[in-house]
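**Q** Input: one structure, supplied below.
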Amino acid sequence: MTINPMSVWIGFDPRETAAFMVARESIRQFDRSIPVAAVRLRQLQEAGLYTRPMSRRLGKLWDEISVAHMATEFAITRFLVPELVRRQGDAVRGWALFMDCDVLLRTNLYELKALLDDSKAVMCVKHDHRITVTPYPLRSDCLTPPRSFTLSRGLLRASSCGDRLPP
């Protein structure tokens, strides 16, 4: 079991503000001592952290490097979480949990903290997930599997994720 602190970083998209608020409150209902922050594209761009070329095509975000639509504003920003943790200073060192905004916690994160292994840099759930229905029936801008599946939840140990930021 780890004794390192944990912080939670939730992907934020202005179109999904209500989902973000539900995710944040579902964490706080169990433990208000865990720092919870939003990963906001606009703030990352203003801080000069997110410089990846992107545009809007047909009203949707378009990643110029991947040459693909991005379903949410946090499609790529999630990978900046280790740098965001480092910039917070000693107060939030240790493990960082990233989650999409459409996540609802049903138990205390203390149970997850008990499973953390400090010999690992990244921990996530590996599963064989087979979709039989459209994953986002109300969102026509979302891709269908397998391309749409990215890291929707993952734990990163900030001190072991390197010092270089991707382009």
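**Q** Residue-wise, which Karplus ³J(HN,Hα) couplings in Hz belong to segment 26-39, taking 6.51 cos²θ - 1.76 cosθ + 1.60, θ = phi - 60°, and x for glycine or proline?
**A** 5, 6, 5, 5, 9, 7, 7, 7, 7, x, 10, 9, 8, 9
**Q** Given 0.36 nm per residue, what is the gain on full extension from Glu25 to Arg106 after removing their alpha carbon distance, in nm?
**A** On the way: separation 81, 0.36 × 81 = 29.16 nm, distance 1.10 nm.
In short, 28.1 nm is gained.
**Q** Another question, if that's okay. Go through segment 10-78 and name the chymotrypsin sites (Phe, Trp or Tyr not before Pro) that are in a DSSP coil and have 15 or fewer other Cβ atoms within 10 Å of their Cβ. If you can, show how the numbers build up before the last one.
**A** Numbers: sites: Phe12, Phe20, Phe30, Tyr50, Trp62, Phe74; in loops: Phe30, Tyr50, Phe74.
Sparse-neighbourhood loop chymotrypsin sites (Phe, Trp or Tyr not before Pro): Phe30.
**Q** Still on this structure: Using a simple spin-label model with points 7 Å from Cα along the Cα→Cβ vector, what separation in nm is obtained for Leu49 and Ser119?
**A** About 3.1 nm separates the two model spin labels.
**Q** Related question: List the GluC sites (Glu not before Pro) within segment 39-112 that DSSP assigns to loop and that have no more than 15 neighbouring Cβ atoms inside 10 Å.
**A** Filter output for segment 39-112: Glu64.
**Q** Okay, next question. Tell me whether segment 1-50 comes out rounded, prolate or oblate; compute the Cα gyration tensor, take square roots of the eigenvalues as a ≥ b ≥ c, and use a/c under 1.5 as the rounded threshold. Don't skip to the answer; put the middle values down first.
**A** On the way: a/c = 3.47, a/b = 1.36, b/c = 2.55.
Oblate is the answer for segment 1-50, as a/c is 1.5 or above yet b/c matches or exceeds a/b.
Quick note: the coordinates plus some simple rules give every number you see, no bench work behind them. Please read these numbers as outputs of a predicted model, since none were measured by experiment. Virtual Cβ from ideal backbone geometry, glycine too; neighbours counted across all protein chains shown.
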